[in-house]
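The values are calculated or read from the model by the stated rules, or taken from the named source; none is laboratory data. The structure presented is a predicted model; accordingly, all values stated were derived computationally and were not measured. A quick note on method: Cβ atoms are made from the backbone with ideal geometry, for glycine too, and the neighbour counts reach across all protein chains shown. Note: accessible area is taken over every heavy atom of the protein model, side chains too, but ligands, DNA and RNA are not part of it. Shrake-Rupley method; radii C 1.70, N 1.55, O 1.52, S 1.80 Å.
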Amino acid sequence: MIQLIYVADPMCSWCYGFGPELQALLELMPEANLDIVVAGLRAYNQEIMGEEQRQTIRGHWTHVADATGLPFAETGMTQEGFKYDTEPACRAVVATKMLADHLAPEQLLSVFRAIQHAFYAEGKDVTDLHILSDVAVNALNEMDGAESFDASSFYETLVSPMCMADTRQEFEQCQRWGIRGFPALLLVHDNALHMIASGFTKTAELVSAIQEIQKI
(Lines give C-alpha, C1' and ligand atoms only; values in the text may rest on other atoms or scores of the structure.)
Protein backbone atom coordinates (compact mmCIF):
# COMPACT_ATOMS: atom_id res chain seq x y z
CA MET A 1 0.00 0.00 0.00
CA ILE A 2 1.26 3.44 -0.98
CA GLN A 3 -0.10 6.18 1.30
CA LEU A 4 -0.09 9.68 -0.18
CA ILE A 5 -1.21 12.99 1.32
CA TYR A 6 -2.19 15.73 -1.11
CA VAL A 7 -1.95 19.23 0.37
CA ALA A 8 -3.63 21.76 -1.89
CA ASP A 9 -6.17 24.54 -2.29
CA PRO A 10 -8.91 24.45 -4.96
CA MET A 11 -8.24 28.13 -5.73
CA CYS A 12 -4.48 27.67 -6.18
CA SER A 13 -3.71 27.88 -9.90
CA TRP A 14 -0.68 25.59 -9.76
CA CYS A 15 -2.79 23.03 -7.87
CA TYR A 16 -5.20 23.22 -10.80
CA GLY A 17 -2.31 22.70 -13.18
CA PHE A 18 -1.03 19.77 -11.12
CA GLY A 19 -4.37 17.92 -11.31
CA PRO A 20 -3.66 15.94 -14.51
CA GLU A 21 -0.20 14.97 -13.25
CA LEU A 22 -1.64 13.65 -9.98
CA GLN A 23 -4.41 11.83 -11.84
CA ALA A 24 -1.83 10.16 -14.08
CA LEU A 25 0.15 9.08 -11.00
CA LEU A 26 -2.93 7.49 -9.43
CA GLU A 27 -3.66 5.64 -12.66
CA LEU A 28 -0.09 4.31 -12.74
CA MET A 29 -0.29 3.31 -9.06
CA PRO A 30 -3.84 2.05 -8.47
CA GLU A 31 -2.76 0.58 -5.14
CA ALA A 32 -2.09 4.09 -3.81
CA ASN A 33 -4.35 5.57 -1.15
CA LEU A 34 -4.79 9.34 -1.16
CA ASP A 35 -5.76 11.69 1.66
CA ILE A 36 -6.61 15.31 0.83
CA VAL A 37 -5.66 18.08 3.26
CA VAL A 38 -6.78 21.59 2.31
CA ALA A 39 -4.14 24.28 2.49
CA GLY A 40 -5.86 27.65 2.92
CA LEU A 41 -3.74 29.56 0.40
CA ARG A 42 -5.60 32.85 0.90
CA ALA A 43 -8.01 31.79 3.61
CA TYR A 44 -10.14 34.46 5.30
CA ASN A 45 -8.97 37.22 2.95
CA GLN A 46 -11.48 40.07 3.08
CA GLU A 47 -9.77 42.54 0.78
CA ILE A 48 -11.72 43.39 -2.37
CA MET A 49 -9.57 42.54 -5.35
CA GLY A 50 -8.07 45.53 -7.11
CA GLU A 51 -6.86 45.75 -10.69
CA GLU A 52 -3.18 45.44 -9.75
CA GLN A 53 -3.77 42.17 -7.92
CA ARG A 54 -5.99 40.95 -10.75
CA GLN A 55 -3.20 41.58 -13.27
CA THR A 56 -0.69 39.74 -11.05
CA ILE A 57 -2.98 36.71 -10.82
CA ARG A 58 -3.61 36.80 -14.57
CA GLY A 59 0.14 36.49 -14.99
CA HIS A 60 0.23 33.38 -12.77
CA TRP A 61 -2.66 31.87 -14.70
CA THR A 62 -0.89 32.50 -18.01
CA HIS A 63 2.16 30.59 -16.75
CA VAL A 64 -0.02 27.66 -15.67
CA ALA A 65 -1.90 27.65 -18.97
CA ASP A 66 1.37 27.69 -20.93
CA ALA A 67 2.78 24.81 -18.87
CA THR A 68 -0.32 22.62 -18.88
CA GLY A 69 -2.66 23.65 -21.69
CA LEU A 70 -5.55 23.85 -19.22
CA PRO A 71 -8.37 26.36 -19.89
CA PHE A 72 -8.85 29.53 -17.89
CA ALA A 73 -11.80 31.94 -17.74
CA GLU A 74 -11.40 35.18 -15.81
CA THR A 75 -15.01 35.93 -14.98
CA GLY A 76 -14.79 34.21 -11.59
CA MET A 77 -12.54 36.97 -10.26
CA THR A 78 -13.81 39.96 -12.23
CA GLN A 79 -17.18 40.30 -10.53
CA GLU A 80 -17.66 43.51 -8.58
CA GLY A 81 -16.61 43.18 -4.94
CA PHE A 82 -14.81 39.87 -5.47
CA LYS A 83 -12.62 38.79 -2.54
CA TYR A 84 -10.03 36.09 -3.24
CA ASP A 85 -10.90 34.15 -0.08
CA THR A 86 -10.02 30.49 -0.56
CA GLU A 87 -11.51 29.30 2.73
CA PRO A 88 -15.04 28.61 1.36
CA ALA A 89 -13.71 26.41 -1.47
CA CYS A 90 -11.48 24.55 0.98
CA ARG A 91 -14.42 24.16 3.35
CA ALA A 92 -16.48 22.62 0.54
CA VAL A 93 -13.83 19.91 0.23
CA VAL A 94 -14.01 19.29 3.98
CA ALA A 95 -17.81 19.18 3.82
CA THR A 96 -17.54 16.60 1.05
CA LYS A 97 -15.30 14.43 3.22
CA MET A 98 -17.80 14.73 6.07
CA LEU A 99 -20.82 13.81 3.96
CA ALA A 100 -19.31 11.26 1.59
CA ASP A 101 -16.82 9.32 3.68
CA HIS A 102 -17.99 6.14 1.94
CA LEU A 103 -16.42 7.29 -1.31
CA ALA A 104 -12.88 6.35 -2.29
CA PRO A 105 -10.22 9.08 -1.96
CA GLU A 106 -9.93 9.28 -5.74
CA GLN A 107 -13.66 9.98 -5.94
CA LEU A 108 -13.34 12.75 -3.35
CA LEU A 109 -10.55 14.15 -5.50
CA SER A 110 -13.08 14.42 -8.33
CA VAL A 111 -15.10 16.90 -6.24
CA PHE A 112 -11.93 18.87 -5.52
CA ARG A 113 -11.27 19.02 -9.25
CA ALA A 114 -14.88 19.96 -10.01
CA ILE A 115 -14.48 23.04 -7.80
CA GLN A 116 -11.24 23.90 -9.61
CA HIS A 117 -12.90 23.47 -13.01
CA ALA A 118 -15.85 25.64 -11.96
CA PHE A 119 -13.56 28.49 -10.95
CA TYR A 120 -10.79 28.30 -13.52
CA ALA A 121 -12.44 26.87 -16.63
CA GLU A 122 -16.03 28.07 -16.18
CA GLY A 123 -15.36 31.35 -14.39
CA LYS A 124 -17.77 30.71 -11.51
CA ASP A 125 -17.41 32.57 -8.23
CA VAL A 126 -16.59 29.69 -5.86
CA THR A 127 -16.44 32.01 -2.89
CA ASP A 128 -20.27 31.87 -3.09
CA LEU A 129 -21.48 29.08 -0.79
CA HIS A 130 -24.57 28.32 -2.88
CA ILE A 131 -22.49 27.98 -6.05
CA LEU A 132 -20.06 25.74 -4.17
CA SER A 133 -22.92 23.56 -2.92
CA ASP A 134 -24.27 23.12 -6.44
CA VAL A 135 -20.85 22.28 -7.89
CA ALA A 136 -20.01 19.75 -5.17
CA VAL A 137 -23.41 18.07 -5.24
CA ASN A 138 -23.41 17.77 -9.03
CA ALA A 139 -20.00 16.09 -8.88
CA LEU A 140 -21.08 13.79 -6.06
CA ASN A 141 -24.28 12.75 -7.78
CA GLU A 142 -22.39 12.05 -10.98
CA MET A 143 -20.32 9.49 -9.07
CA ASP A 144 -22.78 8.18 -6.50
CA GLY A 145 -26.01 8.13 -8.46
CA ALA A 146 -28.56 10.81 -9.25
CA GLU A 147 -30.10 12.56 -6.24
CA SER A 148 -27.88 10.83 -3.67
CA PHE A 149 -27.05 14.32 -2.40
CA ASP A 150 -28.91 17.62 -2.48
CA ALA A 151 -27.58 21.16 -2.47
CA SER A 152 -29.59 22.37 0.52
CA SER A 153 -28.28 19.62 2.80
CA PHE A 154 -24.75 20.18 1.55
CA TYR A 155 -25.12 23.90 2.26
CA GLU A 156 -26.24 23.16 5.83
CA THR A 157 -23.09 21.12 6.38
CA LEU A 158 -20.96 23.77 4.69
CA VAL A 159 -22.09 26.51 7.09
CA SER A 160 -21.95 24.33 10.22
CA PRO A 161 -19.53 25.27 13.02
CA MET A 162 -18.08 21.75 12.87
CA CYS A 163 -17.18 22.09 9.19
CA MET A 164 -15.63 25.51 9.79
CA ALA A 165 -13.59 24.15 12.71
CA ASP A 166 -12.44 21.07 10.79
CA THR A 167 -11.33 23.28 7.90
CA ARG A 168 -9.30 25.48 10.22
CA GLN A 169 -7.71 22.38 11.76
CA GLU A 170 -6.54 21.24 8.32
CA PHE A 171 -4.98 24.67 7.70
CA GLU A 172 -3.21 24.40 11.05
CA GLN A 173 -1.99 20.90 10.21
CA CYS A 174 -0.37 22.25 7.04
CA GLN A 175 1.38 24.90 9.13
CA ARG A 176 2.62 22.31 11.64
CA TRP A 177 4.10 20.32 8.76
CA GLY A 178 5.84 23.49 7.64
CA ILE A 179 4.30 23.41 4.17
CA ARG A 180 4.26 26.83 2.56
CA GLY A 181 4.17 26.01 -1.17
CA PHE A 182 1.27 24.34 -2.96
CA PRO A 183 0.54 21.87 -4.31
CA ALA A 184 2.46 19.50 -2.04
CA LEU A 185 2.42 15.72 -2.22
CA LEU A 186 3.67 13.67 0.71
CA LEU A 187 4.46 9.97 0.96
CA VAL A 188 4.00 8.16 4.26
CA HIS A 189 6.84 5.64 4.51
CA ASP A 190 8.16 3.86 7.62
CA ASN A 191 5.98 6.08 9.83
CA ALA A 192 7.58 9.23 8.42
CA LEU A 193 6.46 11.90 5.96
CA HIS A 194 8.50 12.42 2.81
CA MET A 195 7.97 15.32 0.42
CA ILE A 196 7.38 14.00 -3.09
CA ALA A 197 6.37 17.30 -4.66
CA SER A 198 6.52 20.91 -3.58
CA GLY A 199 4.93 22.88 -6.38
CA PHE A 200 3.99 21.72 -9.86
CA THR A 201 5.74 18.43 -10.65
CA LYS A 202 5.50 16.07 -13.61
CA THR A 203 4.22 12.52 -13.14
CA ALA A 204 7.53 10.90 -14.09
CA GLU A 205 9.31 12.85 -11.36
CA LEU A 206 6.67 11.81 -8.83
CA VAL A 207 7.11 8.14 -9.71
CA SER A 208 10.88 8.43 -9.47
CA ALA A 209 10.72 10.15 -6.08
CA ILE A 210 8.38 7.50 -4.67
CA GLN A 211 10.58 4.68 -5.92
CA GLU A 212 13.68 6.26 -4.40
CA ILE A 213 12.07 6.61 -0.99
CA GLN A 214 10.75 3.06 -1.09
CA LYS A 215 14.36 1.85 -1.41
CA ILE A 216 15.24 3.37 1.96
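Summing +1 for each Lys or Arg and -1 for each Asp or Glu among the other residues whose beta-carbon sits under 14 angstrom from that of Glu47 gives -1. Just from its helices, what would the mean residue ellipticity at 222 nm be for the chain, if runs of 4 or more DSSP H residues each count -39500 (n - 2.57) and the sum is divided by every residue, rounded to the nearest 500 deg cm²/dmol? About -16500 deg cm²/dmol.
Express as a percent, rounded to the nearest 5, the fraction of DSSP beta bridges in the chain (both residues included) that run antiparallel. In the chain, DSSP labels about 65 percent of beta bridges as antiparallel. Basic side chains Lys and Arg get +1 at the Cβ, acidic Asp and Glu get -1 at the Cβ, and with that the dipole of the chain about its Cα centre reaches some 560 debye.
GNM on the chain, alpha-carbon springs under 10 angstrom: the most fluctuating residue among Leu206, Leu108, Leu132 is Leu206.
Among Arg54, Arg113, the sequence by solvent-accessible area, most first, with a 1.4 Å probe is Arg113, Arg54. Annotation: the stretch 163-216 has a Kirkwood hydrodynamic radius of 12.4 angstrom, from the mean reciprocal C-alpha pair distance. Potential lengthening of the chain between Asp166 and Ala204 amounts to 10.3 nm, from the contour at 0.36 nm per residue minus the alpha-carbon distance. Viscosity 1.306 mPa s, temperature 10 °C: Stokes-Einstein D of the chain from its Kirkwood Cα radius, in µm² per second? Diffusion coefficient, whole number: 90 µm²/s. Between the stretch 1-63 and the stretch 149-184, the C-alpha centres lie 14 angstrom from each other. In this Cβ point-charge picture (+1 for Lys and Arg, -1 for Asp and Glu), the stretch 21-108 has a dipole of about 200 debye about its Cα centre.
Extension gain for Leu193-Asn45 works out to 50.3 nm (0.36 nm per residue, less the C-alpha to C-alpha distance). Could you work out the pair-distance distribution P(r) of the stretch 1-105 from its alpha-carbon pairs, with 10 angstrom bin width and percents rounded to whole numbers? All Cα pairs, binned at 10 Å, distribute as 13, 38, 34, 13, 2 percent.
Both numbers refer to the Cα atoms of the stretch 90-137; Rg and Dmax are 10.2, 30 Å. Per-residue accessible area (protein heavy atoms, 1.4 Å probe) orders Met162, Met143, Met49, Met1 as Met1, Met162, Met143, Met49, starting from the largest. Taking Pro183, Pro30, Pro88 as the candidate residues, the one with maximal mean-square fluctuation in a Gaussian network model of the chain, Cα springs under 10 Å, is Pro30.
For the pair the stretch 70-124 / the stretch 187-213, the C-alpha centres are spaced 25 Å from each other.
The smallest convex shape that holds all Cα atoms of the stretch 38-87, its convex hull, gives 85 Å³ per residue. For the stretch 1-137, the fraction of 1.4 Å probe accessible surface lying on carbon and sulfur atoms is 51 percent. Kirkwood analysis of the Cα pair distances in the stretch 92-216 returns a hydrodynamic radius of 16.3 Å.
Of the peptides 40-46, 75-81, the order by per-residue mean of other Cβ atoms within 10 Å, starting with the highest, comes out as 40-46, 75-81.
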